[in-house]
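The values are calculated or read from the model by the stated rules, or taken from the named source; none is laboratory data. Remember, predicted model here, so these are calculated numbers, not experimental data. When we count neighbours, we look across all protein chains shown, and the Cβ atoms used for this are built from the backbone with ideal geometry, even at glycine.
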Amino acid sequence: MEINVNLDSAYIPSDDVVAREIEGELIIVPLAAGIGDMEDELFTLNETGSAIWDLLKTQKKLRNVIEQLSEDFEAPADEIEKDVIGFVEELLKRGMLVEVAQD
């Protein structure tokens, strides 16, 4: 299945997952069958993944998420863009994110 991530789209957490912070790690738990990885029901995010997840929840366009992360982590936007696109692609494949319409 080909996933095309658009920088002018917004991606938000699916209603089929719940995220909780436990001992400093963000854990994503699927609420429906077929969500996530069959071998590992829980999906754990590191600090960078958690920062991306938190910004995605704001329903900002992906390019704005990348700009914000570039500022927050004081890193080049092109490096951040590669990481964010890879992260979003993976979570879209797992059904943990959904694309939302932008006005």
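Within region 4-26, residues that are under 12 Å from LEU91 (Cβ atoms) reach partners that are among the hydroxyl-bearing types (Ser, Thr, Tyr) and in a loop (DSSP other than H, G, I, E, B) with beta carbons closer than 9 Å, at six or more positions or on different chains, in the pairs ILE12/THR58.
Suppose we filter SER50, SER70 for residues that are at pLDDT 90 or above, in contact with a Pro (Cβ under 8 Å, 6 or more places away or on another chain) and polar (S, T, N, Q); which single one remains? The unique qualifying residue is SER70. Selection over region 19-43 of residues that are modelled with pLDDT under 80 and closer than 13 Å to MET96 by Cβ gives a count of 8.
Residues of region 56-70 that are assigned to a helix (DSSP H, G or I) and either surrounded by 19 or more Cβ atoms within 10 Å (Cβ to Cβ) or touching an Asp or Glu at 6+ places or on another chain (Cβ under 6 Å) (or both): LEU56, LEU62, VAL65, ILE66, LEU69. Of the residues making up region 47-103, those that are polar (S, T, N, Q), without any contact (Cβ under 8 Å) to a residue 60 or more places away in the chain and closer than 21 Å to ASP15 by Cα number 3. Inside region 1-15, residues that are farther than 24 Å from GLU67 by Cα and modelled with pLDDT of 90 or more make up a count of 1.
I'm trying to understand the selection: among the residues of region 75-103, which are among the charged types (D, E, K, R), part of a loop (DSSP other than H, G, I, E, B) and closer than 19 Å to ILE28 by Cα?
The one that is among the charged types (D, E, K, R), part of a loop (DSSP other than H, G, I, E, B) and closer than 19 Å to ILE28 by Cα: ARG94.
The combined condition, being among the β-branched types (Val, Ile, Thr), modelled with pLDDT of 95 or more and within 21 Å of ASN6 (Cβ to Cβ), is not fulfilled by VAL100.
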